[in-house]
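Inspection log for the structure reproduced underneath, given as structure tokens.
Nothing in this text is a laboratory measurement; each read-out follows from the coordinates by a stated rule. Remember, it's a predicted structure, so these values are computed and weren't measured experimentally. FYI the Cβ positions are ideal-geometry reconstructions off the backbone, even for glycines, and counts take in every protein chain you see.
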2 protein chains.
Amino acid sequence: MRASQFFLSTLKEAPSEAELPSHKLMLRAGLIKRLASGLYSWMPLGYRVLKKVERIVREEMDRAGAIELLMPAVQPAELWQESGRWEFYGKELLRLKDRHEREFCVGPTHEEVITDIVRKEVRSYKQLPLNFYQVQTKFRDEVRPRFGVMRAREFIMKDAYSFHTDFDSLKATYQGMYDAYCQVFTRLGLSFRPVAADTGSIGGTGSHEFQVLADSGEDVIAYCPTSPYAANIELAEAVAPATPRPAAGAELARVSTPGVKTIADLVEFLKVDIRQTIKAVVVEGVEGEPVLLLVRGDHTLNEVKAEKLAGIKSPLTFAAPSAIEAAFGAKPGSLGPVGFTGRVVADRTVAAMADMVAGGNEDDVHLTGVNWGRDCAEPEVADLRNVVEGDASPDGQGVLALCRGIEVGHVFQLRTKYSEAMGATYLDRDGKQQVMEMGCYGIGVSRIVGAAIEQNFDERGIIFTDAMAPFTVSIVPMGYRRSEAVQAAADALYAELKAAGVDVLLDDRDERPGVLLADCELIGIPHRVVIGDRGLKEGVVEYQARRDSAATSVPLTDIAAWVQARLSA
Amino acid sequence: MRASQFFLSTLKEAPSEAELPSHKLMLRAGLIKRLASGLYSWMPLGYRVLKKVERIVREEMDRAGAIELLMPAVQPAELWQESGRWEFYGKELLRLKDRHEREFCVGPTHEEVITDIVRKEVRSYKQLPLNFYQVQTKFRDEVRPRFGVMRAREFIMKDAYSFHTDFDSLKATYQGMYDAYCQVFTRLGLSFRPVAADTGSIGGTGSHEFQVLADSGEDVIAYCPTSPYAANIELAEAVAPATPRPAAGAELARVSTPGVKTIADLVEFLKVDIRQTIKAVVVEGVEGEPVLLLVRGDHTLNEVKAEKLAGIKSPLTFAAPSAIEAAFGAKPGSLGPVGFTGRVVADRTVAAMADMVAGGNEDDVHLTGVNWGRDCAEPEVADLRNVVEGDASPDGQGVLALCRGIEVGHVFQLRTKYSEAMGATYLDRDGKQQVMEMGCYGIGVSRIVGAAIEQNFDERGIIFTDAMAPFTVSIVPMGYRRSEAVQAAADALYAELKAAGVDVLLDDRDERPGVLLADCELIGIPHRVVIGDRGLKEGVVEYQARRDSAATSVPLTDIAAWVQARLSA
């Protein structure tokens, strides 16, 4: 492509709306353009990147035996009512009415539609397993769209759905998709990690996320550097302490703590080790009754784990201050287990503590020397907290470390959640009706572009891998319209690389050399050849890979082969 | 692809919802599946066809210098309010509100969004011309969706938009796109015709439709078999009669015509030539006043032409019966120009008539021997009617014939309609601000599939061209799982054709031969190779093109080369 026949539009400064480096760089490089909150146009340069990602995703899906189709973006409400998600999905579901006042939504996902297709198409076990996928525009009405294409409202997703006679067949396809995902992200050149994950609102039993590792990621990943264990922090298990609970060593004492509201206040005021303190959170049970959750003072409550406790209202609901005062006789900041007659659930670590410091259930009063079984009843025990660095790995093979990631893929063993609700059944060998097992597998195609940039950039701009770059090679002539020699050399190299199937950009724009070079780096083209009169006099041009700190002089006669030798596959 | 690893699902009977052959065949062949009114999933087989169409469209757009991007499907209302179409577009625009109660629509077209992008991106004449395109899912909330993908609510469109400094530049790009469209439809193997067309609600000055010729088409095309003239009947000019108006030959006479309401009644009752009668239609002027439109009894009013008359209310509004009675003193069925003091517009043919038979403006009364200038004032004259077979061609080079077509493409010279409303300007060579000229160019990508089938089918099923077929070649083994020889020969041919880059289907399903052959014909695979034990004993297999009436025996050793020699490029 010649730049003069393409559309390049770069900015010196990113619009102030952008927070993350990838968002700023995508706007500055002209990959995307904002239309409205969470809505972006993919400009020609960005669309080339997106298409390269799509292509790799499609190739790996096809290779894994998934079959491509395309379902409508607009979906009738009836199907979502059948699955129960019309009510459950909340405001993220973009609902609308057509001219006949019938209800529809712009699909954020397609479990309902594919299950409807399969229940109509499949009669016999002989037709299973099946694995369908599509690459499609989705909509999720995020409460706070941000980070450009990483948390846009309209986005492009590859979503696949598999149907099976039994769990073993589901597990086999799940593994196949897991492997295909690894292949996709490897081919894209991303540093990523598959991690065990919570199934969230999609439902089902097992799930892995594919996380692109980046400091700015919204997700926290717990992993064990000395074992394969990796999980989203939402799911990562905090195991019980290896040492048993010590015997009680202190008397229960009442301490006046005027103005002490937080754990930090308490530690400061009493000069105690934070690991002796416990933090109290009150949530609602299924009947609205208060349930006291306890984690150690330096730990944080894991809301996903708390919501999964039996008897707890879903979604997790924190008790109102008035309800707390009525139940405990004190305001938040002075709550604790002693004297509370309702349900108490202690984190595993808390259950192994002795001589604790806790709220006294009286404003501005705390208790020290609190011991389970002596000062209050033994609590119900559960894993309630987020893991922290240094926690034992749940596989027993080391300790956990934390890092941040951007979720770009997610695979789920849905089992029979949708097939049962919607009646997707088949006749088995004995002619008996059975419910299908189901899996689903998503890749955030447009998000990948943002995540890749978040992981690969420097002060000069984006650093694309060969697989994703809008153009693999850029020829930058110094004075294309001023020097016949430069023009001839640039045109010849352009023709030669094009003929060899290289995706090459010839930057023949009438701009200053500094502008051309800066744009090339900002856009992140991985391979650059600079052609100038001075070099040509000596028969050389300058080659520089995007990550190289300096250029290499290469004879003009060798440059085409030199460049091609440096391209990945 | 092996059929056992693909998803084929054919039906013996089409669902009753389907009216057109293409719709029935697409459902029977399993190309599409209905989700809701006007919403279809593209099943794997159909999606292969769609992708082949998309690919050819993209190749020709790229070749024509258009640059691909991708705009959001969901668009903010503000832009449509700026262009004035938020009010104008009516119920076909699928409107919705997001969680913050902001108004959006699911885009049926993207003039507003692209104009917004260009007005922000383009500053100088140096950046023009530009021509952007996208291939995207659109939504039009049709009052009566039907004919499957031909008039679906959700559909896939290629839409391009060009921007220019002057009309000459617009005309050059318009011609380039016109040529590219011809190339697209030629490569797809369609019998089509570009026709001059009305610009309708899009606006602008010049326009051509690309019509796939088919008896079931919704559009009527007027063309001249002896000249290049062709136009949609909405636009086709009905020229004035070549012979001047005869002199008056009859006296004006009042005839009682009890119960006569229609032209057919009148001809029957009075035993007159229908070509002596005139038909009266009353529409509203801009102030709501009645305007009498007259066409010859055997002609039909062209509403698009009527709406374009100066002083006529838009959209065209027929006068209410009460308003007609008040103005004419008679009910519809007895209306005419004699005695009416309001505005009268006569079609060119009517203006050249003498001794006419018309309504008497009194219930159950008609007048004969009506003559212009004698019995009533000379009328205002305009082209008001639809052309009919045998009318003189407007280019003076023959007479018109009519045929039916399916619109699959449309190019428009929008001029400054959107750029002016939305302030898309540039600075010219003298630094003066100027409004851009604009063109837009659409192809109904998903509709093409239906139109192609509507034009190419027989009693056995679809007949695809090589360019559009889901698979170009089908290998149909008779007893793949029963005969080792058949399996070996089929596998070897499959491997050889695949290696040669042929898009081949090996139908290895465990079905009766009759089912395999019927499916192959229903689906419309253009080239078929049947492999059976009987033939193999003699070293031959059977080749048959989809349009061939009989098979040809071909030596097994030659069949791969034989098939490849029959494929179109």
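A few remarks follow.
- Segment B:95-203: trypsin sites (Lys or Arg not before Pro) falling in loop per DSSP and having at most 14 other Cβ within 10 Å: B:Arg102, B:Arg123
- Backbone geometry of segment B:381-393 corresponds, through the Karplus equation with coefficients 6.51, -1.76 and 1.60 at θ = phi - 60°, to 3J(HN,Hα) couplings of 10, 8, 7, 10, 10, 6, 5, 10, 3, x, 4, 5, 5 Hz, x marking Gly and Pro.
- Length-normalised contact order for segment B:473-568 - Cα pairs under 8 Å, 6+ apart - percent: 29
- Note, ³J(HN,Hα) from phi for segment A:321-337, Karplus 6.51, -1.76, 1.60, rounded to Hz, x at Gly and Pro: x, 5, 5, 5, 4, 5, 7, 10, x, 8, 7, x, x, 10, 9, x, x
- Relative to the other identical copies, A:Gln127 shows label-point distances of 5.3 nm, where the label point lies 7 Å from Cα along the Cβ direction and values run shortest first.
- Available extension along the chain between A:Phe88 and A:Ala377 is 100.3 nm, counting 0.36 nm per residue and deducting the alpha carbon span.
- By the helix-only formula, in which each DSSP H run with n ≥ 4 contributes -39500 (n - 2.57) and the sum is divided by residues, chain B has a 222 nm mean residue ellipticity of -8000 deg cm²/dmol.
- Folded to 0 to 90 degrees: helix A:167-187 orientation relative to chain A principal axis, Cα: 50
- When restricted to Cα atoms, segment B:253-386 yields an Rg and a Dmax of 13.6, 39 Å, respectively.
- Within segment A:253-386, DSSP assigns beta bridges of which about 65% are antiparallel (rounded to the nearest 5).
- Taking GluC sites (Glu not before Pro) across segment A:502-569, the ones in a DSSP loop with at most 13 further Cβ atoms lying within 10 angstrom of their Cβ are A:Glu538.
- Structural descriptor for chain B: relative contact order 17 percent, calculated from alpha carbon pairs under 8 angstrom and at least 6 residues apart.
- Degrees between helix A:44-63 axis and first principal axis of chain A (Cα, 0 to 90, nearest 10): 70
- As a length-normalised measure over Cα pairs under 8 Å and 6 or more apart, the relative contact order of segment A:327-372 settles at 44 percent.
- Estimated D of segment A:269-337 in µm² per second, where Rh is the Kirkwood radius over Cα pairs and Stokes-Einstein applies at 20 °C, 1.002 mPa s: 167
- Rounded, prolate or oblate (a/c below 1.5 giving rounded, otherwise prolate when a/b exceeds b/c) for the protein assembly as shown by Cα gyration tensor: prolate
- Under 5 Å from the amide H of B:Ser393 lie the amide H atoms of B:Gly398, B:Val399, B:Leu400, each residue being 5 or more positions distant or on a separate chain, with H modelled from the backbone and absent for Pro and chain starts.
- Here the Karplus relation 6.51 cos²θ - 1.76 cosθ + 1.60, evaluated at θ = phi - 60°, turns the backbone of segment A:151-162 into coupling constants of 9, 7, 7, 9, 8, 10, 10, 9, 10, 10, 9, 10 Hz, with x for every Gly and Pro.
- Take A:Pro315, move 7 Å from Cα toward the beta carbon, and the resulting point lies 4.2 nm from the same point in each other copy, nearest first.
- Inverse mean reciprocal Cα-Cα distance (Kirkwood Rh) of segment B:69-180, Å: 15.7
- In plain terms, the chain from B:Lys537 to B:Glu78 could stretch by 157.9 nm, reckoned as 0.36 nm per residue minus the Cα-Cα distance.
- Surface/4 estimate of mean projected area, convex hull on alpha-carbon atoms of segment B:473-568, nm²: 5.6
- Tensor-based shape of segment B:337-475 (alpha-carbon gyration tensor, a/c under 1.5 rounded, otherwise prolate or oblate): oblate
- In terms of distances greater than 24 angstrom between alpha carbons, the cross-link table entries B:Lys52/B:Lys120; A:Lys120/A:Lys432; B:Lys12/B:Lys537 yield B:Lys52/B:Lys120; B:Lys12/B:Lys537.
- Identity and axial distance of the chain A residue whose Cβ lies nearest the axis relating A to B, Å: A:Leu96, 2
- Cα-centre dipole for chain A with unit charges at Cβ (Lys and Arg positive, Asp and Glu negative), debye to 20: 1240
- Coordinate range along principal axes, alpha carbons of segment A:186-283, Å, largest first: 62, 32, 29
- Computed magnitude of the charge dipole of the protein assembly as shown (debye, nearest 20; Cβ of K, R +1, Cβ of D, E -1): 1080
- Lysines whose Cα lies under 20 Å from that of A:Lys331, excluding same-chain neighbours fewer than 8 positions away: A:Lys261, A:Lys279
- When A:Arg482 is represented by a point 7 angstrom out along its Cα-to-C-beta vector, the spacings to that point in the other copies are 8.0 nm, nearest first.
- Label point distance in nm, A:Val388-A:Ser549, each placed 7 Å from Cα along Cα→Cβ: 3.9
- Cα centroid separation, segment A:135-179 to segment B:532-566 (Å): 45
- In summary, the lysines within cross-link reach of A:Lys171, defined as a Cα separation below 19 angstrom excluding same-chain residues under 8 places away, comprise A:Lys126, A:Lys417.
- Separation of segment A:1-44 and segment A:432-470, taken as the distance between their Cα centroids, equals 19 angstrom.
- In segment B:1-68, trypsin sites (Lys or Arg not before Pro) in a DSSP loop with at most 11 other beta-carbon atoms within 10 Å: B:Lys12
- Each residue in B:Ser16, B:Ser568 was given a count of other beta-carbon atoms within 10 angstrom of its own, and listing them fewest first yields B:Ser16, B:Ser568.
- Global form of segment A:315-382, assessed from the alpha-carbon gyration tensor, a/c cut-off 1.5: oblate
- Nearest-0.05 FRET efficiency for A:Arg275 and A:Ala253, computed from C-beta distance (R0 30 Å): 0.95
- Cα gyration tensor of chain A - equivalent ellipsoid semi-axes, whole Å, descending: 52, 33, 22
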